[in-house]
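Scroll down for the structure; my scribbles are underneath it.
The values are calculated or read from the model by the stated rules, or taken from the named source; none is laboratory data. Since we're looking at a predicted model, the values are computed, not measured. We place every Cβ from the backbone using ideal geometry, glycine too, and count neighbours over all the protein chains shown. Calculation scope for accessible area: heavy atoms of the full protein, side chains included, ligands and nucleic acids excluded. Shrake-Rupley method; radii C 1.70, N 1.55, O 1.52, S 1.80 Å.
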Amino acid sequence: MKALSQKTAGFTDSIIRRMTRISNEYNAINLSQGFPDFEPPKPILDRLAAVTNEDFHQYAVTWGAQNFREGAAKKYEHFSGQTIDPNKEIVVTCGSTEAMMASMLSVVNPGDKVIIFSPFYENYGADTILAGAEPVFVPLHAPEFTFDANELEDAFKQGVKALILCNPSNPCGKVFTREELETIATLAEKYDAYVITDEVYEHIVYDGHKHIYFSTLPGMKDRTIVCSSLSKTYSITGWRLGYTIANEEITERIKKVHDFLTVGAAAPLQEAAVVGLSFDDAYYADLQKKYDQKRTLMLDGLTSLNIPHTKPEGAYYILLDISEFGYESDLDFAVDLAKKVGVGTVPGSSFFKEPENRFVRIHFAKKSETLTAALERLENLRKVF
């Protein structure tokens, strides 16, 4: 038999999804894979129930149902102030995962280079490789996870085609400041590069931090491809509904790539979820308040347990510093933690290009009682290790 693809020869399974399986195996509280254990908004669920008896069981328009695209355009315009044409500048995808892959395949050629900030969501490296490109990693320096402008420019000087910007960031909770975003914008323009943004946590920010839509910076709309989804905002991660926003030329290319990747997102789920796109500002204020309370619960609990940790500015992830336990492998630690303590985490090394073994990632998109139970189990941490 001939050899399999060299492009994917170095791939492993997703460490995040693997840790969910390990959590299930040991009946651990799963704080690894970032999905909630509480219900989506009732208006969305009510509409889903009604849709099952209506005529939405066949293909929607390939690049998204008309009402969904219009709803997404209005929502983006409301929060960003930027007008979007729902017929020329949006493609509805099967989650932001496909949105990112379709975007990469639309702008990147084999042999091109793509900047990725480290730590990073694990899919970005794989997406770059699948597009035939080479990732160029630029570190975000802990504990504030800021970048060095000179290091970033050195990366741009390598002739990169695009930069991936996750804001707010998974896994470190970084919310990029306007000054930082303007630095990225200046370099993207100087070196003629695209910026592909992952903005799925746009409504989950804390302590006065503000999510700034990169495409709204001067001169950036035509250079930016926005990737987002409904998963985290409406607690419907299993529905796999995402979208891209870009100028007409880029969107026309994404439409074609998307058509051959997945044909289209699920029609009945689009029809049900469109209800959420018209929620008023009170919903998003309540969402932010809910996650702020969950963050406080976890941060206070970890502090009381003397477990060193980061303080996220956005998203819903915390990095725990496990240095004191002396493990050579953070993966081994994460498996033992699930097995012996009953809490599922993700080894931090899966997010860093640099050799990094001191972190595991947890998330707090769970009911308060679930988080409290996890903290109670973590009280046994030093007794077990």
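Packing order of peptides 131-140, 171-180, highest average first: 171-180, 131-140 (average count of other Cβ atoms within 10 Å over each peptide's residues).
Treating each Cα of segment 1-80 as an identical point scatterer and summing with the Debye formula, the log10 of I(q)/I(0) at q = 0.15, 0.16, 0.24 Å⁻¹ comes to -0.98, -1.00, -1.08. For the peptides 208-215, 236-243, residues were scored by their other Cβ atoms within 10 Å and the scores averaged per peptide; the highest-first order is 236-243, 208-215.
In the frame of its principal axes, segment 213-270 has Cα extents of 36, 27, 14 Å, reported largest first.
For the chain, what does the convex hull of the Cα positions come to per residue, in cubic angstrom? Each step should come with its number before you reach the end.
Details: hull volume 59.1 nm³, N = 385.
Here the figure is 153 Å³ per residue.
Protein heavy-atom accessible surface, 1.4 Å probe, per residue over the chain: 43 Å². Here's the list of aspartates and glutamates a cross-link from K88 could span, going by alpha-carbon distance under 12 Å and ignoring same-chain residues fewer than 8 apart: E70, E248, E249, E252. From the Kirkwood radius over Cα pairs of segment 218-331, Stokes-Einstein at 20 °C and 1.002 mPa s returns a whole-number translational diffusion coefficient of 119 µm²/s. Share of carbon and sulfur in the accessible area of segment 92-216 stands at 47%, probe radius 1.4 Å.
Between T146 and H141, the built amide H atoms are under 5 Å apart, and every one of these is 5 or more places off in sequence or on another chain. Sequence neighbours fewer than 8 away in the same chain don't count; with that in mind, list the aspartates and glutamates whose C-alpha is under 14 Å from K383. Of all the aspartates and glutamates, those that pass the test against K383 - Cα under 14 Å, at least 8 places apart if same chain - are E324, D336. In a DSSP loop and with at most 14 other Cβ atoms within 10 Å, the GluC sites (Glu not before Pro) in segment 319-385 are E328, E379.
The alpha-carbon of K232 sits under 17 angstrom from the alpha-carbons of these lysines, leaving out residues fewer than 8 places away in its chain: K42, K75, K174, K289, K290, K294, K366, K367.
Centre-to-centre separation between the Cα atoms of segment 129-183 and those of segment 347-370: 19 Å. F35 sits with roughly 60 Å² accessible to a 1.4 Å probe, with DNA, RNA and ligands left out of the calculation. Using heavy atoms of the protein chains and a probe of 1.4 Å, the accessible area assigned to Y124 is about 10 Å². Across the alpha-carbon set of segment 40-183, the Rg to Rh ratio works out to 1.04, Rh being the Kirkwood radius.
In terms of accessible area, using a 1.4 Å probe and ignoring ligands and nucleic acids, K75, K367, K340, K42 rank largest first as K42, K340, K367, K75. A simple packing score, the average count of other Cβ atoms within 10 Å per residue, orders the peptides 275-282, 251-258 as 251-258, 275-282, with the highest score first. Less than 5 angstrom separates the built amide H of F117 from those of V138, I164, all sequence-distant by 5 or more or on a different chain. For segment 50-137, the set of GluC sites (Glu not before Pro) satisfying both a DSSP loop assignment and a count of at most 14 other C-beta atoms within 10 Å is given as E54.
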